[in-house]
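This report refers to the structure that appears directly beneath it.
Read the figures in this text as sums done on the coordinates, not as results from a lab. Remember, it's a predicted structure, so these values are computed and weren't measured experimentally. Virtual Cβ from ideal backbone geometry, glycine too; neighbours counted across all protein chains shown.
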Amino acid sequence: MKSDIYHQDKHIDSEIDIIEQTVSSEYKYGFVTNIEADEAPPGLSEDIIRFISSKKNEPEWMLEWRLKAFKQWQKMEEPNWAHIKYPRVNYQDIIYYSAPKQKVKPGSIEEVDPELRKTFDKLGISLEEQKRISGVAVDVVMDSVSIATTFKTQLSELGIIFCSMSEAIQKHPDLVRKYLSSVVPASDNYFAALNSAVFSDGSFCYIPKNTRCPMELSTYFRINAQNSGQFERTLIIAEEGSYVSYLEGCTAPKRDENQLHAAVVELIAMERAEIKYSTVQNWFPGDKDGNGGIYNFVTKRGLCKGDYSKISWAQVETGSAITWKYPSVILKGDYSVGEFYSVAVTNHFQQADTGTKMSHLGKHTKSRIVSKGISAGKSQNSYRGLVHVGKNALNARNFSQCDSMLLGDKCGAHTFPYIEVKNNTAIVEHEATTSKIGEDQLFYCNQRGIDTETAVALIINGFAREVMNKLPMEFAVEAKKLLAVSLEGSVG
Amino acid sequence: MLRIKDLQAGIEGKQILKGINLEIGAGEVHAIMGPNGSGKSTLASVLAGRPEYEVTGGSVTFNGKDLLEFSPEARAGEGLFLAFQYPVEIPGLSTTNFIKTAVNEVRKYRGQQELDAVSFLKVMKEKMKLMEMDQALLTRALNEGFSGGEKKRNEIFQMAMLEPKLAVLDETDSGLDIDAIRIVSDGVNKFRSKDNAVLAITHYQRLLDYIVPDFVHVLYNGRIVKSGSKELALELEERGYDFIKNEIKEEAAA
């Protein structure tokens, strides 16, 4: 018991320090790095795709794959079913390729452009620190290109491949060809098709059979250049009996115009493999009047391919003007497990339409959904989820819980749960609650010497605790900090 | 320590306190008794600065400073503690975390160094022992699923942790059985010192068997109509509030 409470308290200590530190700060990642960039002209055409592919020195099959996706995209319509509103994106105004110019391709972290390294220091990711202390392997993607990957050598001794997608296409073409778009085909949706045509980089990760990845793998995404879109592609393959925990962090500079982010993430878990994928998304949300911000249209899907496999998504979404994403799991293997833990915060004019899809195909498959939506200001926050139980999915089991919290009376919280059950042995449960921060809760905190801003942060962190506990420690601290910052000025 | 002069206050335009005068010195325990609706809880709320209440006249000085000028959190920093009649629940927020935040906010206000996790724990353990506080309660979410007695014990534990100069107990005995009252009162008695003071608001005399007051005041219809020693409480218990009401009527008639 003694050590228990001590441990708990160490955790608490960092939590509180961080809240204190940050309740009075603005979006602090809004700086711009002045680095020369190698850019494509704006607009989208076959030529641009050829340009990207040749810039990256890609093999012929990759170019063909992209062009095929582009043709599909041209035939598709931008979807409009989500509970969000935004002006039409002009896809011809976007720059589809922007790479920070570096004189030589860095062979190691030490060779990375000092300006770039300063950027990452400001983001709180010192590559050297990361390398030395935390034991987290990091891949950094700025605008369109992967800048640096740490810990590569140590990982490769275990046969783990963790590198940029461009490098994987060059060095591990067989794996890429086998698995790329096997979970999210280019034809899946408008943004997946767009991404397939123009993606310029991302992370690739392969965990061999019966290997437990000894450290958290992490990617930091950063949009820097003006008018550019970021289209990254992440592919994680966990072979039989392996385990990996992957973290993704995102920031972008403050700009008045909107920027587009359309990523695709594919996860594949073989028999008894487990993939844990955590995201802390803090793209620039736009200012308090609703100007600027990132449009975050992302397709994330995991395939529990083998029996007894498990895929778990945990996300903290505080940024972006618009968030539109549904990390999903296809439960194909028997006894496979899918989980989705989400905290989505919206403030000012932010809009979020997020949730998950759990497709139960195999027998005895289980899924669990815990979604916590927090809306403040004039924002709109929607949970949209689908639980599908196929006709062969004997004894499938799902539990969903969707809680919403409202701050103020100008925001909205919406829940759209869809359930499709084709096998009558399934047990599907859905619980939902909506609450408000009460005046009496705030006064109680005030009476104990806690100001309103800090009180809101405490109450919100309490509300989101179940999800926060699912994040790896390093991320949990950052996530708590983000919650406090995102809701600043929303009460009082 | 606390000087209330002709305090008038109300809520939503309705006047409840119609001129309260009260002085509390260091080391003293005062009890305020009165029938339902006499303004007891309003007095507690106004002292703590609950935003819904409006002060329409009079003054309150606390250690020489104008208490009414301070925000609720600053009043806590200045050393005013209110044990709530109905403590609120905050789901998911651990009680320990909450108390640690409160202690450090108050320490910051008082110009004291904040406690790190290790020293906070040390202090908390000492107070837990002193207040006979159950550790299991502190690891649970704040007041969530606590019984009435557990909530009140938690209030008194927080009082001990925050070391206020003046503790206002708003009907801390309401809804408690006799064992719980004894435990809570023990906590208050251990907290008492020559440097701090207690203002116990209660409907019943029984609390005052355990927390023995130096002064008893009877609040009726927004005013303190009678003050005396602890024997006054016994007299009220015996004769009921009617005798006060009748006295007032007689005075008015005379």
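Things worth noting here:
- Lysines with Cα under 30 Å of B:Lys245, excluding same-chain neighbours fewer than 8 positions away: B:Lys5, B:Lys14, B:Lys18, B:Lys40, B:Lys226, B:Lys230
- Ordering of B:5-14, A:296-305 by burial proxy (mean other Cβ atoms within 10 Å per residue, highest first): A:296-305, B:5-14
- Charge tally around A:Gln401: other residues with Cβ under 11 Å, Lys/Arg +1 each, Asp/Glu -1 each, net -2.
- Angle between chain B longest axis and helix B:117-131 axis [Cα atoms, degrees, rounded to 10]: 50
- Put the Cα centre of region A:315-374 next to the Cα centre of region A:433-483 and the gap is 21 Å.
- Using a Förster distance of 45 Å, the FRET efficiency for B:Lys249-A:Lys410 (Cβ separation, nearest 0.05): 0.30
- Remark: B:Asp177, A:Asp93 ranked as B:Asp177, A:Asp93, counting other beta-carbon atoms within 10 Å and listing the fewest first.
- Proximal lysines to A:Lys152, defined as alpha-carbon separation beneath 19 angstrom and excluding residues fewer than eight positions away on the same chain: A:Lys105, A:Lys131, A:Lys171, A:Lys209
- Counting only Cβ charges, +1 for Lys and Arg and -1 for Asp and Glu, the dipole size of chain B around its Cα centre is about 500 debye.
- Where trypsin sites (Lys or Arg not before Pro) fall in DSSP loop in region B:133-188, at most 12 other Cβ within 10 Å: none
- Footprinting exposure proxy for B:Phe81, A:Phe416, A:Phe443 (fewest neighbouring C-beta atoms within 10 Å first): A:Phe416, A:Phe443, B:Phe81
- For chain B, the convex hull spanned by the alpha carbon atoms encloses 127 Å³ per residue.
- Counted by neighbouring Cβ atoms within 10 Å, the residues B:Glu250, B:Glu126 run from fewest to most as B:Glu250, B:Glu126.
- The HN-Hα couplings worked out from phi for region A:297-314 by the Karplus form 6.51 cos²θ - 1.76 cosθ + 1.60 (θ = phi - 60°) are 10, 10, 10, 10, 8, x, 10, 7, 7, x, 5, 6, 8, 8, 10, 10, 9, 10 Hz, whole numbers, x standing for Gly and Pro.
- Partners for A:Lys300 among lysines (Cα-Cα distance below 20 Å; same-chain residues under 8 apart left out): A:Lys178, A:Lys276, A:Lys310, A:Lys325, A:Lys332, A:Lys357, A:Lys366, A:Lys372, A:Lys470
- FRET E, pair A:Asn395, A:Tyr86, Förster distance 60 Å, beta-carbon r, rounded to 0.05: 0.90
- Other protein chain C-beta atoms within 10 Å of residue C-beta, averaged over B:49-59: 1.
- Per residue, chain B reaches -12500 deg cm²/dmol at 222 nm when only DSSP H runs of four or more residues are counted, each adding -39500 (n - 2.57).
- Per-residue ³J(HN,Hα) for region B:225-235, Karplus 6.51 cos²θ - 1.76 cosθ + 1.60, θ = phi - 60°, Hz, x for Gly and Pro: 9, 7, 10, x, 8, 4, 5, 4, 4, 5, 4
- The distance between label points at A:Ile419 and B:Asp177 comes to 4.1 nm (points 7 Å beyond Cα on the Cα→Cβ vector).
- Long-range HN-HN contacts of A:Gly293 with modeled amide H, under 5 Å: A:Arg255, A:Gln259, A:Gly286
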